[in-house]
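Participant: Dropping a structure here in structure tokens format, bear with me for questions.
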Amino acid sequence: AAMAGAGIHYPVMLKAVGGGGGRGMRPVARDEALDEAFAACQRECAAVGLLGGVFVEELLPAARHIEVQLLGDGAEVVHLYERDCSVQRRRQKQVETSPARNLPSSLRERLFSDALAIGSAVGYRSAGTVEFLVAAGPASAPAPRYVFLEANPRIQVEHTVSEEATGVDLVRATLQIAAGET
């Protein structure tokens, strides 16, 4: 009732504002589990000195985790394709591949378009990623459902996967952009 009253339906993922790397995350499938999951997220982050705020996002069971690598110079934003981060253990990425296998080209283009729109809307200036969850289902589905997960306004440890796939040195490009180059 608490979530339905806000127009949100289960299942959901609670995430601590200061979390990361799978920490401070709790899946919740029903109202009765909401309060304890919320408190657990806050406790986990407080134990390591992080903020205690918690937000809610839609949980797509068995979804693929796809992130689009961006590079922007404040005027133009380009994508450097996608990484598939779906192999996880305890919500921590274990294996990343690029390009994502069996990702329909129409879906790939929609993810690129949405990621670029986000980067362009803020005049993005650096390397970063926009992450999505893609609903499980047959690869042949005409329009697989996906939801925005988060944007990371920094270079990530996984950037080397994109570097290998594209031949672009993201650290060098980031430093060049910071020095005012385009």
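Values in this text are rule-based calculations from the coordinates and carry no lab data. Just so you know, these numbers come straight off a predicted model, no measurement behind them. Cβ: placed from backbone, ideal geometry, glycine included. Neighbour counts: every protein chain shown.
Participant: Once the other residues with Cβ under 15 Å from the Cβ of residue 124 are scored (Lys, Arg +1; Asp, Glu -1), what is the net sum?
Facilitator: So the surrounding residues net to -4.
Participant: Measuring from label point to label point, each 7 Å out along Cα→Cβ, what is the residue 76 to residue 55 span in nm?
Facilitator: Label at residue 76, label at residue 55, 3.0 nm between them.
Participant: Now a separate question. Give me the one-decimal nm value for the distance between modelled label points at residue 97 and residue 8, 7 Å along each residue's Cα-to-Cβ direction.
Facilitator: 3.3
Participant: Calculate the tail of P(r) for region 139-181: the fraction of all Cα-Cα distances greater than 15 Å, expressed in %.
Facilitator: 62
Participant: Loop-only check: which GluC sites (Glu not before Pro) in region 139-182 are DSSP coil with at most 12 other Cβ within 10 angstrom?
Facilitator: 181
Participant: Could you give the nm distance between label points at residue 46 and residue 164, where each point is 7 Å from its Cα heading toward the beta carbon?
Facilitator: 4.2
Participant: Please identify every one of the trypsin sites (Lys or Arg not before Pro) in region 115-182 that sits in a loop by DSSP and has no more than 12 other beta carbons within 10 Å of its own beta carbon.
Facilitator: Passing sites in region 115-182 are 154.
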